[in-house]
Structure formats: C-alpha cells, structure tokens
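**Q** Take this structure, written in structure tokens, and hold onto it; I'll ask about it next.
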Amino acid sequence: MQEQTLDCLGEACPVPLVKTQKALEDLAVGDVLIVQIDHSCAMKNVPEWAREAGHNVEIEEVDDGEWEIVIEKAK
Amino acid sequence: MREKTVEQYDVVIVGGGPSGLTAAIYCGRARLKTLLIEKSLIGGLATYTNEIENYPGFPDGTGGLQLMELFHKQAKKFGVKIKLTDVKNVELEGDVKKVETFRTIYEAKAVIVAAGGRPRITRATDEERFLFDKGISFCATCDAAANTDKTVMVIGSGDAAIEEGMFLSKFAKEIIVSVIHDEGKMDCNEIARDQALANPKMTFVWNSMVDAFEGEERLERVVLKDLKTGEKKPITVDTCFEFIGYEPNTEIFVGKLNMSKRNYVITNERMETGIPGVFACGDVREKDLKQVATAVGDGAVAGVEAEKFIAETEVFRNQILQTERIGLIYVYSAIDAPSRELLPMMREVEEAYHGQVKLNVIDQYKGKSLCDRLACDVEPMTAFYTKGGEVVEISSKCDKRSVMEMLNTLVQNPIEVVI
C-alpha cells in the first residue's frame with residue numbers, strides 16, 4: 001500500500017487528467033495517488049473520471065484555488 | 001486494509017447545501033472547530049436552480065450557483081474546513097461521534113446531518129443506463145441549450161415539471177409532457193397549467209407513465225405506457241427530463257436515526273434528532289416547505305443548538321460532575337418558591353463541610369437540558385449526591401438534616417448535624 005504524489009500545479013486541462021490516468025495504471029489496488037492541481041477545471045474532470053472508473057475519491061482544498069485530489073485505486 | 005487516520009473536530013456537518021453551509025457559518029463563527037463534508041458540489045441541489053427570485057436580500061434575483069458561492073465564501077471566512085468526499089459510515093451514539101470517509105475517521109462532539117435530497121427517478125427499465133449525461137436529465141437549466149431545436153420529453157406535472165417545460169420551450173422545438181393524470185389535470189398551480197396548455201410547443205400524453213428507456217449509447221426512445229389501456233408506445237426523443245419529486249439522502253442513517261415512512265429524518269423544532277448531539281437540518285428533514293430560505297433557518301437553528309450542546313457538555317462534565325469533592329447538586333426552580341427558599345441553607349451546608357463538599361445548583365426552568373442529563377423528569381427540589389464524578393444517590397428529601405446525614409455517609413470527615 002503505497003502513497004504517491006503527482007504534481008500538476010500550473011498545468012491546464014486535459015494534462016492533469018491524462019497524467020492521472022497514466023499514473024494510476026502503474027499503481028496496485030489499494031494504493032493512493034495524490035494529485036495536486038490548481039486549475040479549477042481539473043478539479044471537476046479528474047474526480048469525475050476517477051469516480052466513474054470506480055475508485056475512491058476525496059478532494060481537499062489545501063489553499064485558495066489549490067486542491068489535492070486523493071484517489072485510492074479500487075480495481 | 002490501510003489504517004484510517006483519525007481527526008478530531010467539535011462539529012462535523014454532513015452535506016454542503018444551503019442548510020449545511022448555514023450551520024457551518026454559525027458553528028465557525030462560534031469558534032467551533034468545524035468540518036463540512038460534501039460528496040459532490042458545494043451548494044447541493046440549490047445549484048441546480050438557475051434563478052432564485054424568492055431568496056430575500058436579492059431584489060434582482062440571483063443564481064443558485066452564484067448564491068451558494070457566497071454561502072461557501074462566508075463559511076470559509078469563519079474557518080470552516082471543507083472536504084469534498086462521500087461519507088461511508090456514521091456512529092452517532094455516545095459522547096464521541098464518528099463520521100467515516102474512505103480514508104479518515106472524523107471524531108466529533110456534535111454531528112449535523114444536512115444530507116439533503118436528490119431527484120426521484122422513475123425506476124423504469126434501463127433507466128440507469130441513460131442517467132445524467134446520457135439522455136436523462138434533472139436540470140432544464142443545465143441542459144436546455146444543448147437541446148436547441150430538438151425534441152424532448154418531460155415526465156411529471158408538478159410546478160417544477162411544468163415551469164421547466166416552459167423554460168425548455170424557449171430552446172427545444174417540441175416538448176412532450178407525460179402526465180400520470182386524466183386529461184387536463186396537473187399537479188402544478190393553475191396559472192402554470194393554463195400557460196402550458198396554451199404553449200404551442202408543448203403536447204401532453206395523459207394517463208401515462210414511463211415503462212422503459214431505450215437506445216444504444218445514448219437515450220433514443222422513451223416507452224410510455226397508457227395506464228387505462230396498458231398500451232405501450234415508444235416515442236423518439238433527444239433528451240428526457242424527469243421532474244417527479246425528491247427523495248432524501250439518508251441511506252447511511254437508516255436504523256440510526258428516527259425517520260418517517262419515506263425515510264426523511266424526524267426532528268423537533270430545535271433540529272434535535274433524539275440522539276443527544278446529533279441534529280438534522282434542511283431538505284433531509286421531514287417538513288413541508290423545502291426552499292433555500294427554510295434551509296437557511298434550519299441550518300442556523302442546528303448550528304446554534306450544536307454549539308449550546310457542546311458548551312453544556314463541558315459545563316456538565318467539568319463543573320456539575322466534578323471529581324475532586326463530594327458533589328451536592330440541588331435542582332430548584334426559579335418559579336417555585338419553596339424550592340428557591342432552600343438555596344441559602346444549601347450554601348450553609350456546603351460551607352459547614354470546609355471544602356469537602358462542592359455544591360452546584362441548577363435552575364430547572366433555565367437549565368432543563370442539564371437536568372435531562374442527570375435524570376429524566378427531575379422535579380424541583382431534588383438533591384443529587386456524587387462521588388468521583390458519579391451520581392451515587394438521588395433524593396427528594398431536601399431538609400437540612402436529611403442532606404447532612406446523606407453527606408456524612410460520603411465525606412471522609414463527617415460533621416455533627418446541628419439544626
């Protein structure tokens with residue numbers, strides 16, 4: 001069970017989503033990926049995709065306009 | 001399994017719609033460490049509404065999303081922490097309540113359930129396949145523009161259905177409305193009905209309900225069933241809008257909170273659920289009018305009650321049930337003269353024991369909830385005796401002799417009873 005951080009700060013859509021999808025491929029079930037974003041559109045499409053794919057998702061606003069999307073790979 | 005992290009809060013609010021945000025504003029302003037958990041979008045169902053014309057303070061109207069952003073900003077200003085995630089489980093009994101997400105267990109002194117509701121669905125065949133972005137919508141405001149010059153169906157005949165249907169007629173070329181009632185009968189108000197019947201773009205299928213949804217990737221046809229003849233008729237549409245009411249988001253609270261038949265949470269007017277320290281507010285409650293304005297009122301009450309509950313718990317634990325000395329708790333009532341007149345005597349008794357006894361007096365009239373914590377239905381003129389923070393004796397004999405005799409059995413150095 002490892003935890004990995006993916007830095008997408010300063011990156012606009014769809015880059016964070018593509019990076020997230022790629023990073024999750026290399027993880028095992030139960031691992032956690034923390035995606036750092038500051039682009040509000042990624043705040044929508046990354047969690048939406050992850051939830052649809054069946055993973056557990058939690059979003060935390062770490063600063064004004066800066067979020068961490070925590071994704072636990074579920075399958 | 002990964003060990004979940006545990007975090008402590010004063011108040012955890014489940015749900016980030018108007019009532020949850022208002023409760024959060026009150027709790028945050030009362031300097032409580034407050035966490036609000038929302039599973040999808042801050043603002044809840046209010047964000048589905050394009051125009052809010054009846055929320056006081058906005059004479060030119062405002063948008064749901066816009067208004068909720070202001071609520072959100074205000075909650076953040078008071079230091080409320082917000083988490084966007086789903087609550088998986090709750091444990092509400094006891095002093096420490098637990099609200100669990102997939103990574104964390106949040107422990108709280110008080111929990112406010114503001115989980116709201118969601119649009120009801122028809123449960124017709126294959127409905128799930130087309131929900132939200134695949135052809136079945138619950139929000140005309142959101143999806144009207146995408147249906148410009150298209151054919152849409154509206155399910156329902158309440159105010160929401162007919163008003164949204166008329167709004168859609170500004171975009172779509174044809175609106176077919178499926179109504180469960182006989183011809184001419186609708187659940188909406190009469191003005192809306194007359195306008196709808198006169199709208200050239202709107203046609204009505206009376207005595208009908210949805211039997212099935214059909215299509216490949218996207219919705220293509222809605223099969224309507226005639227309730228009188230049983231005949232099934234497929235109708236080709238681009239989008240189907242369902243406006244058949246709401247249901248509460250209370251699945252995780254079933255069996256834990258008192259609920260109505262339709263699974264709405266039952267509270268009193270102080271938003272208390274029956275479990276001490278657990279409150280419910282907003283659309284999740286069993287109540288009549290569900291508006292942003294009523295949700296705000298509920299939220300304010302729940303926030304203040306939660307704050308009171310936490311403050312009282314502390315008073316009760318640290319003062320009333322202090323552990324250093326033998327405790328004498330005298331319950332009187334300010335409006336009951338005989339019980340009031342014993343107060344000076346009780347003080348004398350406390351002094352006579354030279355620091356061995358700690359007296360606490362509770363006015364039953366003002367401190368009803370403190371009395372409730374001691375025992376149910378406490379009458380004025382009742383004495384409680386405690387040792388090490390536990391009630392060891394309850395007595396309605398409040399004359400000086402009885403009180404001192406009882407205290408003598410508890411203290412280390414008994415004193416002579418002088419009347």
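**Q** Could you check the range B:90-103 and list, in sequence order, the residues that are basic (Lys, Arg) and either more than 7 Å from chain A (Cβ to nearest Cβ) or touching a helix residue (DSSP H, G or I) at 6+ places or on another chain (Cβ under 9 Å) (or both)? Steps first, answer last, please.
**A** As a first pass, look at the range B:90-103 and keep what is basic (Lys, Arg): B:97-98, B:103.
Residues satisfying the conditions are B:Lys97, B:Lys98.
**Q** May I ask you to list the residues in the range B:144-167 that are surrounded by fewer than 24 Cβ atoms within 10 Å (Cβ to Cβ), aliphatic (A, V, I, L, M) and in contact with a strand residue (DSSP E or B) (Cβ under 8 Å, 6 or more places away or on another chain)?
**A** B:Ala146, B:Met166
**Q** For B:Ala115, state whether it is small (Gly, Ala, Ser), within 14 Å of chain A (Cβ to nearest Cβ) and either part of a loop (DSSP other than H, G, I, E, B) or without any contact (Cβ under 8 Å) to a residue 60 or more places away in the chain (or both).
**A** Numbers: small (Gly, Ala, Ser): yes; within 14 Å of chain A (Cβ to nearest Cβ): no; either part of a loop (DSSP other than H, G, I, E, B) or without any contact (Cβ under 8 Å) to a residue 60 or more places away in the chain (or both): yes.
No: the conditions fail for B:Ala115.
**Q** Looking at this structure, is B:Thr409 among the polar types (S, T, N, Q), surrounded by 15 or more Cβ atoms within 10 Å (Cβ to Cβ) and at negative phi? Even if it seems obvious, please write down each step before you answer.
**A** Details: among the polar types (S, T, N, Q): yes; surrounded by 15 or more Cβ atoms within 10 Å (Cβ to Cβ): no; at negative phi: yes.
No; evaluated as a whole, the condition is false for this residue.
**Q** Please specify each residue of the range B:221-230 satisfying the condition of being surrounded by 16 or more Cβ atoms within 10 Å (Cβ to Cβ) and either touching a Lys or Arg at 6+ places or on another chain (Cβ under 8 Å) or charged (D, E, K, R) (or both).
**A** The first filter runs over the range B:221-230 and keeps only residues surrounded by 16 or more Cβ atoms within 10 Å (Cβ to Cβ), leaving B:221-225.
Listed by number, the residues that qualify are B:Arg221, B:Val223, B:Leu224, B:Lys225.
**Q** Which of the following residues is within 14 Å of chain A (Cβ to nearest Cβ) and either more than 25 Å from the chain's Cα centre (by Cα) or modelled with pLDDT under 90 (or both): B:Phe132, B:Phe167, B:Phe138, B:Phe171? Talk me through it step by step, then tell me what you get.
**A** Working: B:Phe167 fails: within 14 Å of chain A (Cβ to nearest Cβ); B:Phe138 fails: within 14 Å of chain A (Cβ to nearest Cβ); B:Phe171 fails: within 14 Å of chain A (Cβ to nearest Cβ).
Step by step, each of B:Phe132, B:Phe167, B:Phe138, B:Phe171 is checked, and only B:Phe132 is within 14 Å of chain A (Cβ to nearest Cβ) and either more than 25 Å from the chain's Cα centre (by Cα) or modelled with pLDDT under 90 (or both).
**Q** Separate question: Of (1) of a type in the set (A, V, I, L, M); (2) at pLDDT 95 or above; (3) in a helix (DSSP H, G or I); (4) more than 26 Å from A:Asn56 (Cβ to Cβ), B:Leu32 satisfies all except one. Which?
**A** (3) is the only condition that B:Leu32 fails.
**Q** Checking B:Lys256 against (1) under 14 Å from B:Gly158 (Cα atoms); (2) touching a strand residue (DSSP E or B) at 6+ places or on another chain (Cβ under 8 Å): exactly one of these is not met. Which one?
**A** Condition not satisfied by B:Lys256: (1).
**Q** Among the strands (runs of 3 or more DSSP E) confined wholly to the range B:218-327, which include 1 or more residues that are more than 17 Å from B:Leu92 (Cα to Cα) and touching a helix residue (DSSP H, G or I) at 6+ places or on another chain (Cβ under 6 Å)? Even if it seems obvious, please write down each step before you answer.
**A** Working: elements: B:219-226, B:232-236, B:239-242, B:246-248, B:278-280.
Because the criterion is at least 1 residues that are more than 17 Å from B:Leu92 (Cα to Cα) and touching a helix residue (DSSP H, G or I) at 6+ places or on another chain (Cβ under 6 Å), the strands (runs of 3 or more DSSP E) in the range B:218-327 that meet it are B:219-226, B:239-242, B:246-248.
**Q** Which pairs turn up if I take residues in the range A:36-60 that are within 10 Å of chain B (Cβ to nearest Cβ) and look for partners that are surrounded by fewer than 20 Cβ atoms within 10 Å (Cβ to Cβ) and among the aromatic types (Phe, Trp, Tyr) with beta carbon separation below 8 Å, at least 6 apart in sequence or on another chain?
**A** A:Asn56/B:Phe102; A:Glu58/B:Phe102
Here is a yes/no grid of residues against (1) surrounded by fewer than 17 Cβ atoms within 10 Å (Cβ to Cβ); (2) within 28 Å of the chain's Cα centre (by Cα):
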site: B:Phe204; (1), (2): no, no
site: B:Glu217; (1), (2): yes, no
site: B:Leu257; (1), (2): no, yes
site: B:Thr267; (1), (2): no, yes
site: B:Glu272; (1), (2): no, yes
site: B:Gly277; (1), (2): no, yes
site: B:Val284; (1), (2): no, yes
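**Q** Here is a further query. Can you run down the residue pairs with Cβ atoms below 6 Å, 6 or more apart or on separate chains, where the first is in the range B:66-86 and surrounded by fewer than 19 Cβ atoms within 10 Å (Cβ to Cβ) and the partner is of a type in the set (Lys, Arg)?
**A** Sorted first by the residue in the range B:66-86, then by its partner, the pairs are B:Phe78/B:Arg29; B:Asp86/B:Lys39.
**Q** Shifting gears a bit: For the range A:16-33, which positions are surrounded by fewer than 16 Cβ atoms within 10 Å (Cβ to Cβ) and either in contact with a His (Cβ under 8 Å, 6 or more places away or on another chain) or within 13 Å of another protein chain (Cβ to nearest Cβ) (or both)?
**A** If we filter the range A:16-33 for residues that are surrounded by fewer than 16 Cβ atoms within 10 Å (Cβ to Cβ), which is where we start, we get A:18, A:21-22, A:25-26, A:28-30.
Within the range A:16-33, A:Ala28, A:Val29, A:Gly30 qualify.
**Q** Against the condition within 14 Å of chain A (Cβ to nearest Cβ), in contact with a helix residue (DSSP H, G or I) (Cβ under 9 Å, 6 or more places away or on another chain) and among the β-branched types (Val, Ile, Thr), how does B:Val87 come out, does it pass? If you could, list the steps in order and put the result at the bottom.
**A** Numbers: within 14 Å of chain A (Cβ to nearest Cβ): yes; in contact with a helix residue (DSSP H, G or I) (Cβ under 9 Å, 6 or more places away or on another chain): yes; among the β-branched types (Val, Ile, Thr): yes.
Spelling it out, B:Val87 is indeed within 14 Å of chain A (Cβ to nearest Cβ), in contact with a helix residue (DSSP H, G or I) (Cβ under 9 Å, 6 or more places away or on another chain) and among the β-branched types (Val, Ile, Thr).
The values are calculated or read from the model by the stated rules, or taken from the named source; none is laboratory data. Because the structure is predicted, anything quoted here is derived from the model rather than measured. No Cβ is skipped: glycine too gets one built from the backbone with ideal geometry, and neighbour counts run over all protein chains shown.
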